[in-house]
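Every number in this text was worked out from the coordinates using simple rules, so none of it is lab data. Keep in mind that what you see is a predicted model, and the values were worked out from it rather than measured. Please note: Cβ atoms are built from the backbone with ideal geometry, for glycine as well, and neighbour counts cover all protein chains shown.
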Amino acid sequence: MRHELVPRWSAPAIYLSILRNLLRPGDAGWLLGHRLVEQVGGGRWRGGSRRLRLRHPRARRSIEVLVDRQVGGLGSYYEIFDEEVYCRRADFVPQRGWLVVDIGANIGIFSMFCGHLVGEAGRIVAVEPVPETHRVLLANLDGLPAEVHCVEVACGAERGRAQVVFHPGRSTTASIATGDADGAAERRDVEVRTLDQVTDDAVGGADIDLLKIDVEGTEVGVLEGGVGVLARVSRVVVEADAATSAAVSEVLLRAGLHPVHRVSDVWTAGNDVLYFRR
């Protein structure tokens, strides 16, 4: 297994990456005016929403991303399009006709990356529980060439309900509540379904080419609720921290998947992206 350590990402690098890939001059002015650097580093958007036109280098085309000040999430463009953190191996780059399941889809940046690569013959299942974020996800995936299923639930080990801690303007940090939230956070009561239930409803028992999971600490619960999925998936990429990485690997190994790559210190020290294959 290859182990890759990425240089620590900085807010200016993320900001410059997005500016470099914008295709409309007016969009750059909007970003400058509304302090994207603060948003990526933990601040909040200062006004409005806007559709930004950005490059999709692998698909050799442009995409339009709706950005909302109460949701945020644009910083993930850097990790997904520039750093390609979920497809550093060539055999993990989505191909025409693939079925991709995106758990923790946020505003849809990874689903957009995949949707233009899998094409009309491909399918995307995008799962995002926070209502505000899901609304932006729907807008961003509208018009993708792939068949798209957007599901407004959280994934867990069993069906039920849970509270998600949501920081307005920083939707990528949303997570299932495990204690008291800080003063800037809000809570959203959301439906929880298992990974098996979500995929069965969306695509039946179809084989899955790529499963991506980024759920801020509840990765093991997602996998435990996906026994059926893990029996028929070819590739899995999971973002996990030091507290969950070993347990995530154990579940995947038990399912007959094998580690093939690890990208370490993504965003923060100890935060890894784990690659497993059938």
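Largest first, the extents of the alpha carbon coordinates of the range 48-109 on the three principal axes equal 39, 25, 22 Å. Its DSSP H runs of at least 4 residues, each contributing -39,500 (n - 2.57), put the calculated 222 nm mean residue ellipticity of the chain at -8000 deg cm²/dmol, to the nearest 500. Axis angle, to the nearest 10 degrees, between helix 11-21 and the longest C-alpha principal axis of the chain: 80 degrees. Against the main long axis of the alpha-carbon atoms of the chain, helix 131-141 sits at an angle near 90°.
The slack between LEU16 and VAL93, meaning 0.36 nm per residue of separation minus the straight C-alpha distance, is 25.3 nm. Projecting label points 7 angstrom from Cα along Cα→Cβ for ARG2 and ARG51 puts them 3.7 nm apart.
Which FRET efficiency value, to the nearest 0.05, is calculated for GLU224 and GLU191 with the Förster distance at 22 angstrom and r the Cβ-Cβ distance? After rounding, the FRET efficiency stands at 0.80. Over every Cα atom in the chain, the radius of gyration and the widest Cα-Cα span, Dmax, amount to 17.5, 51 Å.
To the nearest 0.05, what FRET efficiency results for ALA247 and ARG24 with a Förster distance of 51 Å applied to their C-beta separation? Given R0 = 51 Å and the Cβ-Cβ separation, E is 0.70. Spin-label model, VAL260/ARG60: points 7 Å from Cα along the beta carbon direction are separated by 2.5 nm.
How would you classify the range 163-278 from its alpha-carbon gyration tensor, with a ≥ b ≥ c the square roots of the eigenvalues: rounded for a/c under 1.5, else prolate if a/b is greater than b/c, otherwise oblate? Oblate, because a/c is 1.5 or more while a/b does not exceed b/c.
Entry note, the chain: relative contact order of 17 percent, from Cα contacts under 8 Å with a spacing of 6+ residues.
Ordering PHE110, PRO129, PRO168 by the projection of their Cα atoms onto the charge dipole of the chain, which places +1 on the Cβ of Lys and Arg and -1 on the Cβ of Asp and Glu, puts PHE110 at the extreme positive end.
Counting other Cβ atoms within 10 Å as a rough exposure proxy, the listed residues TRP9, TRP267 run TRP267, TRP9 from fewest neighbours to most.
When you count the other C-beta atoms within 10 angstrom of each residue and take the mean per peptide, 129-142, 67-80 line up highest first as 67-80, 129-142. Between ALA269 and THR173, residue separation times 0.36 nm minus the direct Cα-Cα distance comes to 33.0 nm.
About its Cα centre, the chain has a charge dipole of approximately 1000 debye under the convention of +1 per Lys or Arg Cβ and -1 per Asp or Glu Cβ, with nothing else charged.
The value of relative contact order for the range 42-185, using C-alpha pairs under 8 Å at least six residues apart, is 22 percent.
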